[in-house]
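Asks: The structure's right below; bear with me while I get my questions together.
The values are calculated or read from the model by the stated rules, or taken from the named source; none is laboratory data. Being a predicted model, the structure only gives us computed values, none of them experimental. We place every Cβ from the backbone using ideal geometry, glycine too, and count neighbours over all the protein chains shown.
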Amino acid sequence: MKNKTCGYIRVSTKDQHIDRQWDALLKAGVQKENMYVDKQSGKNFERPQYKRLMKKIKKGDCIIVTSLDRLGRNYTEIQEQWRVITKEKQADIIVLDMSLLNTKVNHGNLMGQFLADMVLQILSYVAETERNNIRKRQAEGIAAARSRGVHFGRSAIPVPNEFDHILYLWHCGAITSKEAAKRMNMSRSWFYKKRKYLDDDTTMEN
């Protein structure tokens, strides 16, 4: 039986568009009938289409995602899913925005697989650390403002689930601010505004 190439797409809310991920996976060679889409948070893996994909994946198949955070929301989850796919299922993974995370290219190449696994561990750890730092700075900023008697007339701009990962890629120079804003379905000015809000604990919206 011919090996399949499948694409997995996740967006955090039902209102978010899947177009960018869909187009990227089509361009990478995924057929429409092999697309799996979940529209909900990645806080856990109780996702119907992801679970369906895992049941269908066989040895030698390949899963393509646009970015690493499609596989999970924290270091532990990403590592576990990577292990299940590559070790238990003996399938390959391609992460489009990280060329080193491509086990298909390195299939049968022990050094290549070792490097991919090592890069995965580093990226996952750094992304989670940055996510925690952003949340910590945000909480400290709000607490500091409240201690000064600042009252918030409007709710703070909400942080989409994948914002911290995109912010990390932007900080590393892996993507431009234009690409970061596009991935988040927001304007570049909104991206900068939210980044400044999170990075500067002295700046609060009234």
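Asks: When region 8-29 is examined, which residues are found to be at pLDDT 90 or above, under 24 Å from GLN79 (Cα atoms) and part of a loop (DSSP other than H, G, I, E, B)?
Replies: If the condition is that a residue be at pLDDT 90 or above, under 24 Å from GLN79 (Cα atoms) and part of a loop (DSSP other than H, G, I, E, B), then ALA28 is the only one that fits.
Asks: How about region 126-206: which helices (runs of 4 or more DSSP H) wholly inside it have at least 1 residues that are modelled with pLDDT of 75 or more and small (Gly, Ala, Ser)? Quick ask: steps written out before the conclusion?
Replies: Values: elements: 163-171, 177-183, 188-199.
Once the helices (runs of 4 or more DSSP H) in region 126-206 are filtered for at least 1 residues that are modelled with pLDDT of 75 or more and small (Gly, Ala, Ser), what remains is 177-183, 188-199.
Asks: For GLU80, which of the numbered conditions (1) touching a residue at least 12 places away in the same chain (Cβ under 8 Å); (2) part of a helix (DSSP H, G or I); (3) not small (Gly, Ala, Ser) fails to hold?
Replies: If we test GLU80 against (1) touching a residue at least 12 places away in the same chain (Cβ under 8 Å); (2) part of a helix (DSSP H, G or I); (3) not small (Gly, Ala, Ser), just (1) comes out false.
Asks: Looking at region 59-76, which of the residues that are surrounded by fewer than 21 Cβ atoms within 10 Å (Cβ to Cβ) and closer than 14 Å to GLU128 by Cα is nearest to the chain's Cα centre (by Cα)?
Replies: For region 59-76, the residue satisfying everything is ASN74.
Asks: Another question, then. Can you find even one residue in region 91-111 that is at pLDDT 75 or above and in a helix (DSSP H, G or I)?
Replies: No, region 91-111 contains no residue that is at pLDDT 75 or above and in a helix (DSSP H, G or I).
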